[in-house]
Structures are given as structure tokens and as C-alpha cells.
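The numbers here are math on the coordinates, done by the rules we state, and not lab data. On a predicted model such as this, the values are computed, not experimentally measured, just so you know. Counting neighbours? That spans all protein chains shown, and the Cβs are built from the backbone with ideal geometry, glycine included.
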Amino acid sequence: MESDGEQRGDRGGDRPRLFQRLRELPVVGRAADWGLGPAAVSKNTKRAGARIAGLEVTESVCPYCAVGCGQLVYTRDGELVDIEGNPRSPINQGTLCPKGQASRQLIQQPGRLTKVLYRRPHGTEWEELDLERAMDMIAERVIAARENHWQETHENGWRVDRTLGFAHLGGATLDNEENYFIKKLFTALGAVQIENQARI
């Protein structure tokens, strides 16, 4: 005579195997382990944790546009290892656009220029310059443009004291302090065309 279990088609030997297969499912496995602490961590999260374990983390801001997404910059002994979105940022809440995710290439891209290149007027080749020499050349050109294009009065006779010989267009990679300094500097030089990409 068959037992009740055999009548229902239950096989005692299959139950442990079935339960083990159910435990392999993410939700069931976590529920079976009460879903707390280490049991709630997926395999991918464990791998990610191992990847960034022992690294120094610095909160930063993505330099690409005016949005200002928060980033977490991971370094080891001063060497850049990874950049991720900062989940604490109210702007991007841990997400990054493709440009922000690729911002690591700003430092580690093999084709990144690390020296000043200059091509003389009517020249066909680039030449390397020291940074100090390049900065002096820029300063000389700014002073010359100011002197050669200075306007004391407008065409209607109004006093303007300005130059239209140069302008400044800033980018979102500049912080508030740098933008404040640039605005003061170019206003003191007499420039009136001062603009910035970051308008937030």
C-alpha cells in the first residue's frame, strides 16, 4: 500500500535538491538566509568591493559640463584606479553620463598632450615650448591687444574705457574661485566680453 507522500508524487530524496536549486535564485536565496548582512550582497557587489578594497576615495566633481555631477575618485599610492558616480550627490545620485564615465581618460589616455605645442605664424610644424615661455607669450599678446585696441570713448562720445581686442570664454572645469578671479582680472584689463559655460 502507497503512503500519502507517494500518492502525492513526493519523493523525499528530491526535496533537498529542489530546495538547493531554489536557494540559487537571488531572491529566494536571500530570503532563505534572512536577507540580512552579507547574505544580501550579490556576487557582483562582492567582486566590486574586492576591486576597490584598500583604495583611497576622494569626492570630486566631473569636469566635463556645467551640470557638476559628483564623482568618487579611487587612487592607490597616488595612481588613479577608477572613477564612479557619487551616490551621495543630489545632482546625479551615483550615475554618470558616458563622458563622465570616460573622464579617467583625461589623465590616462595614451594620446594625451602633456607639453605645450606652438605653431608659429605661417608655420607648418608644431614645436614644443616650456610652460613658462608659453605663459610669457600669452601675457605679451594680451598686453599688446589691450594697447592696440583700447577705446577711451564710444563712437557717440560716451566714456567707455574698454578693449574689444580680446575676450574670455570659461568652461565648467573652472571652480567658483577661479571664475571669480578671472572675472576680476578681465574686468580690470578692460574686457567686456566675458562669458562662461557654467551658468548654474
### Task
Label segment 96-200 by shape, choosing from rounded, prolate and oblate, from the square roots a ≥ b ≥ c of the eigenvalues of the Cα gyration tensor; if a/c is under 1.5 it is rounded, and otherwise prolate applies when a/b is larger than b/c, oblate when it is not.
oblate
### Query
According to a simple spin-label model (label point 7 Å from Cα along Cα-to-Cβ), what is the distance in nm between N156 and R112?
5.1 nm
### Task
Starting from the amide H of S103, placed 1.01 Å from N in the peptide plane, find each other amide H under 5 Å away whose residue is 5 or more places distant or on another chain.
none
### Task
Would you calculate the volume per residue, in Å³, of the smallest convex hull containing every Cα atom of segment 54-105?
68 Å³
### Inter-probe distance in nm under a simple model that places probes 7 Å from Cα toward Cβ, at D136 and Q197
3.2 nm
### Query
Taking amide hydrogens as modeled 1.01 Å from N in the peptide plane, which residues meet the under 5 Å criterion relative to N196, leaving out close sequence neighbours?
G170
